[in-house]
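To start, the structure itself, in structure tokens.
The values are calculated or read from the model by the stated rules, or taken from the named source; none is laboratory data. Please read all numbers here as calculations on a predicted model, not as lab measurements. Quick reminder, even Gly has a Cβ in these numbers, built from the backbone with ideal geometry, and neighbours come from all protein chains shown.
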Amino acid sequence: MSTTNKIIAALLVLTAFISGTVFMYQGLRIARTQPAFATIWPAPRPLPEFSLKDHSGHEFTTDSLRGHWSLLFFGFTHCPDICPATLQQLAIANSRLKESGKETPDIILVSVDPERDTPEAMGQYVSHFGSEIRGVTGEISELTKLTSAGGIFFAKSELPEGGYSVDHSAAVLLINDDGAIHASFSGPHDIDNFVSDVPVLMGSR
């Protein structure tokens, strides 16, 4: 093989190596910008207009969700297991994100039991999970506007011993800073899932 051919062959090998390296880098880069656990909605879904109250008695509307990212969980204060566990997981995840210097979303519990969950009851309940968690409640007709947009199910169920509970979806919705549903986390939840995916999702726009 002549010197010229050797140079050409070497250049071809080098080009192939560089191309392969770039391809692998791009593949890894794409993988790092995709959530591992959350489901990104095909297109962010704007929320309808609604009017609720937070646990401080302030009005909570669609505009309250604009200008920042939020994690919405739908539950109720008499919930025996899923609700307190999920709120605790969200609070710990936010704490870990703060410790690592990352931006954190707001955490909002939307009560699907307004009959018992007054703003005062909500305030006392969410305080157990941290001062930054916001409780929201309101009329069923207004709640339904929000839950229907997010595909959240809830229904009152009578208990054999008397009283009632509320069956509800366990999904956590991620609302972007335009006030639209951007992604969702399905249950069962895990702290590491939120810590892993929330920064990726919030940085994806």
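Computed values, structure above
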quantity	calculated
Test: residue in the stretch 148-156 that is aliphatic (A, V, I, L, M), surrounded by 15 or more Cβ atoms within 10 Å (Cβ to Cβ) and assigned by TED's automatic domain parsing to the domain that holds SER184	yes
Failed condition for TYR164, given (1) in contact with an Asp or Glu (Cβ under 6 Å, 6 or more places away or on another chain); (2) over 17 Å from ASP106 (Cβ atoms); (3) surrounded by 15 or more Cβ atoms within 10 Å (Cβ to Cβ)	(3)
Any chance SER157 is touching a residue at least 12 places away in the same chain (Cβ under 8 Å) and hydroxyl-bearing (Ser, Thr, Tyr)	no
The one condition in (1) surrounded by fewer than 17 Cβ atoms within 10 Å (Cβ to Cβ); (2) at pLDDT below 95 that PRO35 fails to fulfil	(1)
In the stretch 95-123, the residues that are assigned to a helix (DSSP H, G or I) and either free of Cβ contacts under 8 Å to residues at least 40 places away in the same chain or of a type in the set (A, V, I, L, M, F, W, C) (or both)	SER95, LEU97, LYS98, GLU99, ALA121, MET122
Residue within the stretch 169-191 that is modelled with pLDDT of 95 or more and either in a helix (DSSP H, G or I) or exposed (fewer than 13 other Cβ atoms within 10 Å of the Cβ) (or both) present	yes
Lone qualifier among SER148, SER131, SER165, SER196 - being part of a loop (DSSP other than H, G, I, E, B) and of a type in the set (Gly, Ala, Ser)	SER131
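Residue-by-condition table, conditions (1) hydrophobic (A, V, I, L, M, F, W, C); (2) under 15 Å from THR86 (Cβ atoms); (3) not assigned by TED's automatic domain parsing to the domain that holds THR61:
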position	(1), (2), (3)
LEU109	yes, yes, no
PRO119	no, no, no
GLU139	no, no, no
LEU159	yes, no, no
ALA170	yes, yes, no
